[in-house]
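J.: The structure follows.
The values are calculated or read from the model by the stated rules, or taken from the named source; none is laboratory data. Here the structure is a predicted model, which is why all the values come from computation and not from measurement. A quick note on method: Cβ atoms are made from the backbone with ideal geometry, for glycine too, and the neighbour counts reach across all protein chains shown.
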Amino acid sequence: MNDTTEQILVKYKNADRDSLIPILQEIQEVEGWLSEKMLTSVGRHLDMPVSKVYGVATFYNQFRFQPKGRFHIQVCRGTACHVLGSATVLEEIKKHLKIDVDETTKDGLFSLEIVACIGTCGLAPVININGNFHARVTTDSLRDIIESYRVQNNN
Amino acid sequence: MNFLISEVLNLAPGESCSGDTGSKLEILRNEKIDKPIIFIGAGTCGLGAGADKILEVTRAYLSEKNIDTEIIETGCVGLCSSEPLMDVQLPGKNRISFEKVTSDLAEEILSAVFSGNPIPENNVLGQYSAGGNEEWDGIGYIAEHPFFKPQKRLVLKNCGIRNPISIEEYIAAGGYRSYLKGLRSYSPGDICDKVEKSGLRGRGGGGFSTGRKWKFAFNVESDQKYLVCNADEGDPGAFMDRAIIEGDPHRLIEGMAIAAYAIGATKSYVYIRAEYPLALKRLEIALEQAREYGLLGKNIFDSGVDFEIKVKMGAGAFVCGEETALIHSIEGKRGMPRPRPPFPATEGLFGKPTIINNVETLANIPSIIEKGEEWFASIGTETSKGTKVFALSGKISLTGLVEIPMGTTVREVIYDIAGGIRGGKKFKAVQIGGPSGGCITEQNLDIPIDYDSLIEVGAMMGSGGMVVMDEDTCMVDVAKFFMDFIQRESCGKCIPCREGTRRMLEILEDITHKPVNGSSHHALRRFKGVTQLEKLGKVIKETSLCGLGQTAPNPVLSTLKWFRDEYEEHIFERECRAGVCTELRTFTIDVDKCTGCTVCAKKCPTGAIIGARKTPHFIVDDNCISCGTCVQVCKFDAITVN
Ligand SMILES: Cc1cc2nc3c(=O)[nH]c(=O)nc-3n(C[C@H](O)[C@H](O)[C@H](O)COP(=O)(O)O)c2cc1C
Ligand code: SF4
Ligand code: FES
C-alpha cells in the first residue's frame with residue numbers, strides 16, 4: 001500500500017471527521033490525486049464508510065481522481081477572465097495539447113483543469129501552471145508558455 | 001519586542017508618542033531609515049505580472065555588489081494594471097514608486113539608488129509622504145494620483161505599503177491597540193453596541209448589521225462559541241479578501257480578536273480558499289507572530305481572555321461561502337446548506353453558537369474601535385456606512401482594488417478613478433455582485449453605490465466584484481457564462497436550483513448556438529425560450545433553499561431587462577452584434593474570388609463545403625457549424641462572414 005498516505009494518516013492520530021478534508025488535501029498535495037486505495041485507507045483510519053469519504057471528496061472541485069500531469073495547467077474561468085477571452089484560451093490549450101478538461105496528455109506531461117477565479121482578475125485572462133501565474137495570456141503567448149514547460153522537462 | 005509590548009501596546013489607540021519611543025517607532029515604520037529600502041509589490045497579482053523576476057534581479061544585483069539592504073515584499077496597493085511595482089526609499093527622502101517595472105528598469109533603478117546615478121524618470125507612479133522626509137522635485141504625490149485621490153482607504157490602508165508579515169511594523173503603526181483597549185476598557189456588550197451604532201453592515205454580500213448579528217450570539221449562553229471568518233471569496237471576479245490577507249493579515253487577526261471578545265468566542269476559524277496559497281502562507285506567518293507576542297493564546301495580556309485562530313482550507317466549492325454550507329465543510333461534510341432557523345448564531349459549528357463574518361467586515365473593526373462609532377457612521381450614506389472595497393476588472397483602463405466611501409457613484413469609479421474603458425471603446429455595462437448580481441447600464445451610472453440603491457436597479461453589492469464590459473461583450477454570452485457557473489456549483493439539494501438552472505443554461509445555449517435548421521418552428525421555440533427564462537427564474541428564486549438558488553437567475557433576469565434587444569437579435573436575426581457568439585455567423589463563398597483550390601473543402605471538419613476542383617465552391621448551410629476554419633485557410637479572401 002501507499003506509504004505516503006500512511007505517513008500522512010499517522011499524523012492524524014485520533015482524528016475526528018472534521019479532519020477528513022484536510023487529510024484528503026494533504027494526500028492530494030503529495031500524490032497529485034486520490035486513488036480508490038487512498039480513499040479506502042482514509043475511510044478505515046477515520047472509521048467512516050468509504051462511500052461517505054467518496055461522497056465528500058466528489059462534492060468538492062478541488063479533488064481529482066486521476067493522476068495529474070507533470071505540469072498541471074489551471075485555466076481561470078472566472079468572470080473577468082471570461083470577458084477578456086478565457087474561453088478562447090481554453091479552446092486553444094485543448095487544441096494544442098489534444099486533451100479535454102480534467103484529462104492528462106498521453107506522455108503524462110500536461111494536465112488541464114478549469115478553476116473559478118484565481119484572484120488576479122486585474123490581469124485577466126490568467127492561467128496557472130504548477131503554481132506559476134501567467135497573466136494576460138493570448139493565443140500566441142500561450143503556445144510559447146506551454147512549449148517553455150516542455151523544454152524545461154527535456155532539460 | 002519587549003519595548004513594543006510594554007510601552008507601545010499600552011498606548012491608547014491613535015495616541016502618538018514622542019521622544020525615544022517615538023523615534024524607535026519611526027524606525028520600525030520605515031520612516032527614518034539609515035540605509036535604502038526596496039519595496040516590491042509581491043501580492044499574487046504582482047507576482048503574476050512579473051514581480052518574481054524583479055525580485056530575482058534585485059537579489060542578484062545586491063549580492064553581486066555586496067550591498068546590505070532590505071527588500072520588503074508588500075501586498076498589493078490596488079493598482080493591478082500597473083504591476084509590477086517597485087518602490088525605493090532613500091534615507092531622509094520620500095519613498096518613490098515605479099510602475100510596470102521590467103528587469104531592465106529594475107537594474108536602472110537599483111544602479112541609481114546605489115551608484116548615485118539619477119533616478120529614472122520614466123514609469124514613475126509617484127511619491128509617498130511620510131515623517132517629514134525630503135520630497136522629490138517634480139514628482140507627484142501618490143495621494144494626488146487620480147486613481148488614489150477619490151479613495152478613502154481604511155481597510156486597505158497598509159496594503160502594498162507596509163510589510164505584511166512584520167507584526168512590529170503593524171504595532172508601530174498603531175496596530176493591536178484597539179484590541180487591547182477593547183479588552184481593558186470595554187465590556188463585550190459595549191463593543192457589540194459600538195459596532196451596531198457604527199452602522200457597519202456585512203461586506204460578504206448579505207449586508208446585515210454586524211453589531212446586531214453579534215448580539216444574537218452574545219445573548220446566548222453556551223460553554224463554547226465560535227467565530228468564523230469567511231475568506232472563501234467565491235465570486236469569480238472579486239479579490240479584495242485575498243488582497244487584505246496578503247497585504248495586511250494582522251488587521252484581520254485584530255478584527256477577529258475583537259469580534260471574538262465581543263461575542264464570547266474563544267475559538268475561531270478562518271475558512272480560506274485553496275486557490276489562495278500566498279494569502280494562506282502570509283496568514284499562517286502572521287498568526288504565529290501574534291501568538292509569540294501573546295496576542296493570541298491563553299489569558300491574553302492578563303485579561304483572562306483566551307482566543308485562538310485556526311485555518312481551514314476550502315476545497316473549491318462556491319456554495320461553501322454560504323454560512324451553513326461553510327459550517328458543514330469545516331465539520332468535514334459535504335458543503336450543503338441547511339434550512340435556517342436555527343441560525344448559526346444560536347446553533348452553528350459543532351452545534352454551538354457561531355458568528356460568521358466576511359474578511360472585509362472584520363478588517364473594518366479595528367478602526368471602529370480606534371476612532372469611534374460616530375466617526376465611522378459619519379462616512380457613507382444614510383443606510384450604508386463606511387467604505388467598500390471594489391475589485392475592478394474587465395475592459396477598463398486601470399484594473400485593481402479601490403476603496404471608496406459608500407455613496408460614490410458608479411460613474412466616478414469607472415471614469416474618474418479607473419480611467420474609463422480600455423482602448424477608447426464604448427461602455428456597455430458593469431456587472432456588480434457576481435453570480436448573484438446584475439448589470440448597471442449607462443442610464444444608471446449615476447446611482448450612488450450603497451446597499452439599497454444597487455438593489456433598486458436590479459444589481460446588488462455582493463462581495464464587491466465589478467466587471468466592466470464594453471461594446472465587444474455579448475450580454476447573452478455573459479448571462480450564459482453565469483448560468484454555466486451556477487449550474488455547476490449548485491449543490492443539488494433543491495430541484496428548482498439543480499434542474500432549473502440547467503434548463504436556463506440549455507435555453508441560453510439554444511439561443512447562442514447555430515439553429516439546428518432554419519425553420520420558423522425552431523425560431524418560435526427559441527423565442528419561447530425567453531419567456532421560459534423569465535418563468536423559470538421566478539420559480540427558482542422563490543423555491544430555493546439558500547442564497548445561491550435564490551439569486552441564481554439574477555444575471556439572466558438583469559440582462560434580459562436591460563438588453564432584451566440583444567436577446568431578440570440573437571433569436572430573430574441570428575446575429576451577435578459583439579461578435580462573441582461565433583456560432584451564429586454565416587459564411588458565404590464569393591464565386592468571383594474562389595479559384596476552386598479545394599483547400600477549404602479539405603479542411604472543413606464537417607464536410608460542409610462542396611465543389612469540383614477549379615470551380616467555385618459552395619457551403620451547405622445545414623452542415624456548417626460556423627467554426628471559421630475555411631476563412632482562416634482560404635488564401636484568396638473568398639469567404640465572407642456575416
Ligand atoms: C452561495 C453563497 C456564496 C457566498 N459566498 C461568500 C463568500 O465567498 N464570502 C463571504 O464573505 N460571504 C459569502 N456569502 C455570504 C455568507 O453566507 C455570509 O452571509 C457572510 O459571510 C456573512 O458575513 P458578513 O455579515 O460579514 O457579510 C455567500 C452566500 C451565498 C448564499
Ligand atoms: S438553492 Fe441550490 S445551492 Fe442552495 S441548497 Fe438548494 S440546491 Fe443547494
Ligand atoms: S476572473 Fe480570472 S482571476 Fe478572477
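J.: So, B:V113, is that one in a helix (DSSP H, G or I) and farther than 27 Å from A:G131 by Cβ or not?
T.: Considered against the rule, which asks whether it is in a helix (DSSP H, G or I) and farther than 27 Å from A:G131 by Cβ, B:V113 comes out as yes.
J.: Being among the charged types (D, E, K, R), crowded, with 18+ Cβ neighbours inside 10 Å and at pLDDT 95 or above is the filter here; which residues of the range B:494-514 pass it?
T.: Result: no residue meets the conditions.
J.: If you don't mind, another one. With the range B:402-485 as the region, which strands (runs of 3 or more DSSP E) entirely inside it contain at least 2 residues that are over 23 Å from B:G529 (Cβ atoms)?
T.: B:427-432, B:465-470
J.: Within the range B:156-185, track down each residue that is in contact with a strand residue (DSSP E or B) (Cβ under 6 Å, 6 or more places away or on another chain) and more than 20 Å from B:K32 (Cβ to Cβ).
T.: Correct list: B:L156, B:G160.
J.: Same structure, new question: Given the options A:I114, A:I73, name the one that is touching a Phe, Trp or Tyr at 6+ places or on another chain (Cβ under 9 Å) and away from ligand 1 (no atom under 16 Å from the Cβ).
T.: A:I73
J.: With the range B:295-397 as the region, which strands (runs of 3 or more DSSP E) entirely inside it contain at least 3 residues that are away from chain A (no Cβ under 14 Å) and within 13 Å of ligand 1 (Cβ to nearest atom)?
T.: Output list reads B:354-358.
J.: To continue, here is another question. List the residue pairs whose Cβ atoms are under 6 Å apart, where the first residue sits in the range A:4-20 and is away from every other protein chain (no Cβ under 14 Å), the second is of a type outside the set (F, W, Y), and the two are 6 or more positions apart or on different chains.
T.: These pairs meet every condition: A:T4/A:V30; A:T5/A:I27; A:T5/A:M38; A:T5/A:S41; A:I8/A:E26; A:I8/A:I27; A:L9/A:H45.
J.: Go through the range B:478-494 and count every residue that is more than 8 Å from ligand 2 (Cβ to nearest atom), more than 8 Å from chain A (Cβ to nearest Cβ) and either more than 20 Å from B:I571 (Cα to Cα) or in contact (Cβ under 8 Å) with a residue 40 or more places away in the chain (or both).
T.: 5
J.: Then there is this: Among the residues of the range B:459-466, is there at least one that is within 13 Å of ligand 1 (Cβ to nearest atom) and either farther than 25 Å from B:A317 by Cα or at the interface with another protein chain (Cβ under 9 Å from one of its Cβ atoms) (or both)?
T.: Taking every residue of the range B:459-466 in turn, at least one turns out to be within 13 Å of ligand 1 (Cβ to nearest atom) and either farther than 25 Å from B:A317 by Cα or at the interface with another protein chain (Cβ under 9 Å from one of its Cβ atoms) (or both).
J.: Only one of (1) more than 14 Å from chain B (Cβ to nearest Cβ); (2) in contact with a strand residue (DSSP E or B) (Cβ under 6 Å, 6 or more places away or on another chain) fails for A:V30. Which number is that?
T.: Every listed condition holds for A:V30 apart from (2).
J.: Checking B:K100 against (1) assigned to a helix (DSSP H, G or I); (2) within 14 Å of chain A (Cβ to nearest Cβ): exactly one of these is not met. Which one?
T.: (1)
J.: Here's a follow-up. Taking the condition crowded, with 24+ Cβ neighbours inside 10 Å and under 21 Å from the mean Cα position of the chain (by Cα), does B:A279 pass?
T.: Considered against the rule, which asks whether it is crowded, with 24+ Cβ neighbours inside 10 Å and under 21 Å from the mean Cα position of the chain (by Cα), B:A279 comes out as yes.
J.: Moving on to the next point. With a cut-off of at least 3 residues that are surrounded by fewer than 20 Cβ atoms within 10 Å (Cβ to Cβ), away from ligand 3 (no atom under 16 Å from the Cβ) and not assigned by TED's automatic domain parsing to the domain that holds A:D144, name the helices (runs of 4 or more DSSP H) lying wholly within the range A:1-120.
T.: The helices (runs of 4 or more DSSP H) meeting that bar are A:3-11, A:20-31, A:36-46, A:50-59.
J.: Here's something else I'd like to know. Looking at B:G465, is it crowded, with 21+ Cβ neighbours inside 10 Å, at negative phi and at pLDDT 95 or above?
T.: no
J.: Can we say B:A274 is part of a loop (DSSP other than H, G, I, E, B), in the same structural domain as B:E221 (by TED's automatic domain parsing) and within 16 Å of ligand 3 (Cβ to nearest atom)?
T.: Criteria met by B:A274.
J.: Continuing with the same structure: Return the only residue of B:M504, B:M475 being away from ligand 3 (no atom under 16 Å from the Cβ), more than 9 Å from every other protein chain (Cβ to nearest Cβ), within 24 Å of the chain's Cα centre (by Cα) and not basic (K, R).
T.: B:M475
J.: Run down B:L105, B:L55, B:L90, B:L125 and say which single residue is within 23 Å of B:I165 (Cβ to Cβ) and of a type outside the set (F, W, Y).
T.: B:L55
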